[in-house]
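**Student:** After the structure tokens below, expect a handful of questions from me.
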Amino acid sequence: MIVNRNITMTWWERIYLPEIFRGISVTSNHFFRNLIGFIPALLNKDKKRKIFTLYYPDEKVEFPPAYRGRPVLVVDENGTERCVACGLCEIVCPAKCIEIQPDETELEKERYPKSFSINMARCIFCGFCEEVCPKEAIVMSDECEIADLDRNKMFYKKDQLLISKNKLQKRLNYIKEIYGKWNY
Amino acid sequence: MPTFTINGKEVKTEAGKTILQAAVANGVRIPHFCYHPHLSIDGCCRMCLVEVEKIPKLTIACNTPVTEGMVVRTNTEKVLKARKGVMEFQLINHPLDCPICDQAGECKLQQYTFEHGITHSRFREEKRPGRKRFKIGPRVVFDEERCILCRRCVRFCREVSKTGELAVFSRGDKSIINTYPGISLDNKYSLNTVDICPVGALTNADFRFQVRVWFLEETKAVCPGCSNNCSIRICHRRGKVYRLLPRKNMDVNKVWMCDNGRITHKQIETSNRLTVPLVKKGNKLEEVSWNEAFDTIAKGIQKIKNNEIGAIGSPHATNEECYLFNKLIKNVFNIKNDIECIVPSWEADDLLIKKEKAANPQGAREFGVKTNDTSSVKKIIKGNLKALYIIGNDIIDNSNTKQDVLQTLSKLDFLVVQDTHNSDLSSIANVVLPSATFAEKEGTFTNINGFVQKTNRAVPCPAKAKPDLEILSGVAKAMGRPFETIEPDKVMDEISKNVKSFKNICYEKLGETGIKINN
């Protein structure tokens, strides 16, 4: 099927060759920088390498706040999870990987998750749970190293999911901005 | 019969009907909170406003009788604007509790808010504070803040349960539902107020926070609590039953159900369920396979003379089970004695609760089973009996005679107990057959007035337990005379051929509410 994307090229683009050379210059720029970019760091230990690849896992990528890593539960200042086990993430999850057992608590919030488990082997990192959450209690963290050799270990229990609010502040600010009250 | 126009459609309706009733009968939906078809009309929520020609202001549909030539419009801009205004007032003091509220998902206020697109509040003052999770009765939890004062619960207690515990106290903004001083909402029907509450103000203390309602599947069934056989819905998820709700059946229970009926599902998941067939070897009951259990019964029964074998049926069994048990005893075991059964009883009232505390004593009587109350147990098991086949454990229900009965039964040569739960009775049996509770089997029940209703299987049997029909056919097969069929609908066809009063009954005709047998 031919999709008409309604793109009209300018005269400059239509003569073809200048854009081709521009593309080649970008590629060769990256190539030569990776080829010789490590030399300054080699001569002087304080200097940072200027190449584009990282020595993983010694060096870690700093993810932007929009990155969707594994979903985690936010722990508030008072030390308890924000989650009230409303069950919206459980029903919205397209991979059906969330399971919650609600229960009553003496706290003011009345309801809390007695158990909360996410099957990370099934999770597709869509972020629907975060979007639907009325309490901003489940957010996508920047952790992506969750691979394991045992499927049973991929069932993340509540204590593995709890992460304090301070560590997630960047993402919390970001979701407030994009899923804020009047943004729809 | 007045003829009137609703949304441009000319319809006829019965005389004396209100606009709301006529609209519902003709498939027009009018939002409402306080109106309930089985309670008196209050007209306090003002949600059902409609436009009627020649009436200058909007009028409430629930309390305006239909007259000849009336022209009603339910979806004009004026009506929608007024409804939105009413909704805004309802939401002034209603907390944003939906994530923790148990009613979410079946809440009228939530539904109408969503439908009318009310996304924000213009109210800038403090919401009215109130008591949260206050135990207004032993089984009901009340949340004062969520209440929208529709007074359905007040009217229910005055008109249906006729106990009148609830009333509206204070006036204006401060008005609040409460019980009269010194009493609590403790009547036999108190959980119906939870059902009819349009918001989450009244919640079931037992069901609270157990599961979200949108995860629950519903299976149409029949309440096994007493011989009234109320129509119910079994709400279950992943093989666990969470609650029982009444189902509309005007012949039997209207839309109500008693509190005792609602806890009958607790028998399903208890630690003392029988889950595997047991056979007594030496002095101990040991787990065996079903075939071994059936063979043991066949051998044990064949050793004993026909007139020394007795049979006690269960008033909790379905019609099909009663029929097949009859067939097993009369045709396969060739026993001439009558099948007896013990029916436990409790205090009846004039609304729903009937005296016999079992699902199907009437059905058992239709099949020629003799029903007795618990005091006549000793009379039944006296005599020259050497073997006994018992379904259920109602025989030890009466605590006065329990020890005597157990002593007499332990002297028997051969005792077969087919039951759902472990009891003193099953521990002295030679063979124990684990059977299914009401939610785990399909069949029909006959209520005290002769209404036959179908009940469906909601959850699977635990472990190796089997529905009674399969067990009875297993025994018959081991005796060498297997039944033709054990499918409940086929068994019912057989019953309608052989039993006179069930002549007009077949599964296709039963529908959801059941039909009456010929007497």
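Here, each number is a calculation from the coordinates, and none is a lab measurement. Predicted, not measured: the structure shown is a model, and the values here were computed from it. So basically every Cβ, Gly included, is an ideal-geometry build from the backbone, and we count neighbours across all protein chains shown.
**Student:** Considering the Cα trace of the stretch B:357-489, what is its radius of gyration and what is Dmax, both in angstroms?
**Tutor:** Final numbers for Rg and Dmax: 15.7, 42 Å.
**Student:** Still on this structure, please answer the following. Could you grab the relative contact order for chain A? Cα pairs under 8 Å, six or more apart, rounded to a whole percent.
**Tutor:** Reported relative contact order: 21 percent.
**Student:** What is the ratio of the Cα radius of gyration of the protein assembly as shown to 2.2 N^0.38 Å, where N is its residue count, to two decimals?
**Tutor:** Scaled against compact globular proteins, the figure is 1.27.
**Student:** Give me the extension gain from B:S40 to B:S184: residue separation times 0.36 nm, minus the current Cα-Cα distance, reported in nm with one decimal.
**Tutor:** Gain on stretching B:S40 to B:S184: 49.5 nm.
**Student:** For Cα pairs less than 8 Å apart in space and 6+ apart in sequence, what is the mean separation divided by the residue count of the stretch B:1-144, i.e. the relative contact order in percent?
**Tutor:** 20 percent.
**Student:** Order these peptides, A:74-84, B:502-512, B:331-341, by their mean beta-carbon neighbour count within 10 angstrom, highest first.
**Tutor:** Taking the mean over residues of other Cβ atoms within 10 Å, the ranking is B:331-341, A:74-84, B:502-512.
**Student:** Then there is this: Can you run phi through the Karplus equation (6.51, -1.76, 1.60; θ = phi - 60°) for the stretch B:318-327 and list ³J(HN,Hα) in whole Hz, with x for Gly and Pro?
**Tutor:** 6, 4, 4, 5, 4, 5, 5, 5, 4, 5
**Student:** Based on the alpha-carbon gyration tensor of the stretch A:1-155, what equivalent-ellipsoid semi-axes (square roots of 5 times the eigenvalues) come out, in whole Å, largest first?
**Tutor:** Taking √(5λ) for each eigenvalue gives 45, 26, 15 Å, largest first.
**Student:** If only Cα atoms are counted, what is the Rg of chain B, and what is its Dmax, in Å?
**Tutor:** Spelled out, the Cα radius of gyration and Dmax of chain B are 27.5, 89 Å.
**Student:** What does the charge count around A:R68 come to, taking other residues whose C-beta lies under 12 Å from its C-beta (Lys +1, Arg +1, Asp -1, Glu -1)?
**Tutor:** So the environment of A:R68 carries a net charge of -2.
**Student:** Still on this model: When you look at the Cβ of every residue in B:205-213, what mean number of other chain Cβ atoms sits within 10 Å?
**Tutor:** Per residue, the number of nearby Cβ atoms from other chains is 4 on average.
**Student:** Over the alpha carbons of the stretch B:335-389, what is the largest minus smallest coordinate on each principal axis, giving the biggest first in Å?
**Tutor:** 43, 22, 13
**Student:** Bin width 5 Å, alpha-carbon pairs only: give the P(r) of the stretch B:124-269 as whole percents, running from 0 to the bin holding the largest distance.
**Tutor:** 2, 9, 18, 22, 19, 14, 9, 5, 2, 1, 0
**Student:** Let me ask something additional. Efficiency by 1/(1 + (r/R0)^6): what FRET value for A:E13 and B:R238, r their Cβ-Cβ distance, R0 = 56 Å, to the nearest 0.05?
**Tutor:** Approximately 0.40, to the nearest 0.05.
**Student:** Relative to the present Cα-Cα distance, how much length would full extension add between B:R124 and B:K411 at 0.36 nm per residue of separation?
**Tutor:** 95.4 nm
**Student:** Add +1 for every Lys or Arg and -1 for every Asp or Glu among the other residues with Cβ under 15 Å from the Cβ of B:C107, and state the total.
**Tutor:** Charge balance in the 15 Å sphere: -2.
**Student:** Taking 0.36 nm per residue of sequence separation and subtracting the Cα-Cα distance, how much length would be gained by fully extending the chain between B:K490 and B:N7, in nm to one decimal?
**Tutor:** Length gained between B:K490 and B:N7: 169.0 nm.
**Student:** How big is the stretch A:13-60 in terms of Cα radius of gyration and Dmax, in angstroms?
**Tutor:** Every Cα atom of the stretch A:13-60 included, Rg and Dmax give 15.5, 48 Å.
**Student:** Looking only at other chains, what is the average number of their beta-carbon atoms within 10 angstrom of each beta-carbon in A:103-109?
**Tutor:** Neighbouring Cβ atoms belonging to other protein chains average 2 per residue here.
**Student:** Looking only at chain B, where both bridge partners belong to it, what percent of the DSSP beta bridges are antiparallel (to the nearest 5)?
**Tutor:** 70 percent
**Student:** Just to confirm a number: summing +1 for Lys and Arg and -1 for Asp and Glu over residues other than B:T67 whose beta-carbon lies under 12 angstrom from that of B:T67, what do you get?
**Tutor:** Local charge sum for B:T67: 0.
**Student:** What do you get when you divide the Cα radius of gyration of the stretch A:87-184 by 2.2 N^0.38 Å, with N the number of residues?
**Tutor:** 1.12
**Student:** Something else: Cross-link partners among lysines for B:K127, C-alpha distance below 24 Å, same-chain residues fewer than 8 apart left out?
**Tutor:** A:K109, A:K135, A:K181, B:K81, B:K84, B:K108, B:K135, B:K174
**Student:** Which number do you get for Rg(Cα) / (2.2 N^0.38 Å) in the stretch B:1-136?
**Tutor:** Relative to the 2.2 N^0.38 Å estimate, the stretch B:1-136 comes out at 1.19.
**Student:** Cβ neighbours within 10 Å, averaged per peptide: list B:286-292, B:101-107 in order, most packed at the top.
**Tutor:** Descending mean neighbour count gives B:101-107, B:286-292.
**Student:** I want the antiparallel fraction of DSSP beta bridges within the protein assembly as shown, as a percent rounded to 5.
**Tutor:** If we restrict to bridges inside the protein assembly as shown, about 70 percent are antiparallel.
**Student:** To the nearest whole number, what is the average tally of beta carbon atoms from other chains within 10 Å of the beta carbons of peptide A:83-91?
**Tutor:** Across the residues of A:83-91, the mean count of other-chain Cβ atoms within 10 Å is 4.
**Student:** Starting from one equal scatterer on each C-alpha and no solvent at all, send me the Debye-based log10 I(q)/I(0) for the stretch B:154-195 at q = 0.22, 0.26, 0.30 Å⁻¹, two decimals.
**Tutor:** Evaluating at q = 0.22, 0.26, 0.30 Å⁻¹ gives log10 I(q)/I(0) of -0.70, -0.90, -1.06.
**Student:** OK, next. What's the FRET efficiency of B:R481 with B:E286 using the Cβ-Cβ distance as r and R₀ = 25 Å, to the nearest 0.05?
**Tutor:** Once rounded, the FRET efficiency stands at 0.35.
**Student:** Report, in deg cm²/dmol and to the nearest 500, the calculated mean residue ellipticity at 222 nm for chain B, where each DSSP H run with n ≥ 4 adds -39500 (n - 2.57) and the sum is divided by the residue count.
**Tutor:** Result for chain B: -6500 deg cm²/dmol, rounded to the nearest 500.
**Student:** Given a cut-off of under 8 Å on Cα pairs at least six residues apart, what relative contact order in percent is computed for chain B?
**Tutor:** Relative contact order, chain B: 11 percent.
**Student:** What spacing in nm lies between the two simple spin-label points modelled at B:K266 and B:K509, each 7 Å away from Cα in the Cβ direction?
**Tutor:** 4.0 nm
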